[in-house]
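The values are calculated or read from the model by the stated rules, or taken from the named source; none is laboratory data. Small disclaimer: the values here were computed from a predicted structure and weren't measured. Cβ coordinates were reconstructed from backbone atoms using ideal geometry, including for glycine residues, and neighbour counts include every protein chain displayed.
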Amino acid sequence: MTLVLFLSFSVLSTVRAGIIFEDNFDATPDWNTNGQYNDECPYPCATAPSGWNATRSVPGTLLVQNPMPVGSIRRLPGNLADHTTGTGKAYIAVNEANDVDNWPGDSSLAKYFAQDYPEWYIRVWMRTQSNWQTIPSGTTKVVRAYHYDGTGNIFNYFNTGYSCPVWLWSWGAIYSEDPSHNNTALYKNSFRCDPQEANYYCDKSSPAAPWYELNDYMLGWNMITGASLEDSFNNPGAYVPATAAYADTNWHRYDFHIKVNTIGSNNGIYEWWYDGVLKISKNDVHWKDVGSSAGIGWNTFHIGGNSDNAFANPGEQWYAIDDVVVSTTPIPADYIPGSGSADTTSPAPPTNLRTR
């Protein structure tokens with residue numbers, strides 16, 4: 001019995017040693033609750049919450065702001081329970097809507113590591129407010145990871161920006177005018193390749209990137225793991241209401257696994273688990289193309305984002321993110337952020353940074 005307990009403890013300690021960042025927000029003083037930090041504050045941001053490095057809380061032009069800014073750290077509205085303790089805080093992101101702006105409002109919180117990692121395991125807990133609304137073609141960005149060059153604006157993307165490769169994950173609804181798809185639960189993976197100057201949309205890769213990287217497909221929430229795009233679209237069981245999935249007002253656990261590929265090969269990894277159930281697994285991702293530095297990996301983790309979901313004109317709805325964890329090794333299912341087991345080793349100096 002003693003031997004078994006010792007081995008179990010050893011394995012758990014080894015796994016937890018891979019954690020490089022975590023936050024349950026409970027010890028963080030209320031941040032931006034009055035919109036005092038509304039603006040873009042790129043890396044290094046002096047007014048970012050403790051442990052974070054860059055913020056962007058920029059409302060749309062038809063601002064409602066009732067009862068909160070687009071991005072803040074605070075108790076949940078109505079003093080609803082956070083995930084950690086029930087009485088703690090979370091990051092509150094607001095999904096703004098109007099018929100004037102393209103992608104109105106941005107609620108972004110970024111963590112930059114001065115070191116690149118080839119492989120990450122990411123966990124976030126999320127819930128929405130009640131009566132969440134999603135319209136056909138609506139999209140809400142909620143979490144992403146990427147490589148930031150360490151120079152220039154960390155929030156500048158596209159082929160003239162400073163961040164690639166990029167993985168971006170969103171909630172959304174199918175690109176359809178079919179009323180039956182209103183408020184349907186779907187998800188979207190967006191893949192961006194490096195070098196971004198030449199291959200940002202992964203459409204010039206050699207060898208070619210897999211089909212699912214070439215467009216930002218919305219996929220049915222209950223699609224079969226490994227199914228083709230057509231199978232997902234044609235399977236009625238893949239479609240469920242958002243309010244019966246991520247928008248049921250319960251806290252849900254999202255686990256992601258991303259690993260960069262070997263340059264010249266499609267052997268990168270992307271996996272997603274929802275409440276511990278594997279939803280999608282790919283081992284042929286083309287994150288980096290010829291011309292990318294061999295040392296480039298993941299160094300930036302990002303929660304929140306803007307949205308294109310005109311459910312009202314104008315209107316706002318909120319969702320919450322809690323208990324975020326970034327690790328270089330698998331995260332135990334029962335791991336509790338704030339338990340004191342995070343690896344606090346100082347990161348190495350930046351390497352393989354590109355100049356422009």
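Within the range 284-294, being crowded, with 18+ Cβ neighbours inside 10 Å and either among the β-branched types (Val, Ile, Thr) or not in a loop (DSSP other than H, G, I, E, B) (or both) holds for 285, 288, 292. Residue pairs whose Cβ atoms lie under 9 Å apart, separated by 6 or more positions or on different chains, with the first residue in the range 86-107 and surrounded by fewer than 17 Cβ atoms within 10 Å (Cβ to Cβ) and the second of a type in the set (A, V, I, L, M, F, W, C) and modelled with pLDDT of 90 or more, are 87/81.
Checking each residue in the range 255-278 for being aliphatic (A, V, I, L, M), part of a strand (DSSP E or B), in contact with a Phe, Trp or Tyr (Cβ under 8 Å, 6 or more places away or on another chain) and within 21 Å of residue 164 (Cα to Cα) picks out only 258. Please work out if residue 153 is at pLDDT 95 or above and in a loop (DSSP other than H, G, I, E, B). Taking the combined requirement at face value, the residue satisfies it.
Candidates 137, 163: the one that is among the polar types (S, T, N, Q) and modelled with pLDDT of 95 or more is 163. Within the range 233-251, one or more residues are buried (at least 22 other Cβ atoms within 10 Å of the Cβ) and hydrophobic (A, V, I, L, M, F, W, C).
How many residues does the range 313-332 hold that are in a loop (DSSP other than H, G, I, E, B) and surrounded by 24 or more Cβ atoms within 10 Å (Cβ to Cβ)?
Initially, the range 313-332 is screened for residues in a loop (DSSP other than H, G, I, E, B), giving 313-314, 328-332.
Then drop every residue that is not surrounded by 24 or more Cβ atoms within 10 Å (Cβ to Cβ), which leaves none.
Counting residues in the range 313-332 that are in a loop (DSSP other than H, G, I, E, B) and surrounded by 24 or more Cβ atoms within 10 Å (Cβ to Cβ) gives 0.
Going by the conditions given, is residue 103 modelled with pLDDT under 95, over 14 Å from the mean Cα position of the chain (by Cα) and not hydroxyl-bearing (Ser, Thr, Tyr)? In short, yes. Does residue 281 qualify as being at pLDDT below 95, buried (at least 18 other Cβ atoms within 10 Å of the Cβ) and within 23 Å of residue 165 (Cα to Cα)? Considered against the rule, which asks whether it is at pLDDT below 95, buried (at least 18 other Cβ atoms within 10 Å of the Cβ) and within 23 Å of residue 165 (Cα to Cα), residue 281 comes out as no.
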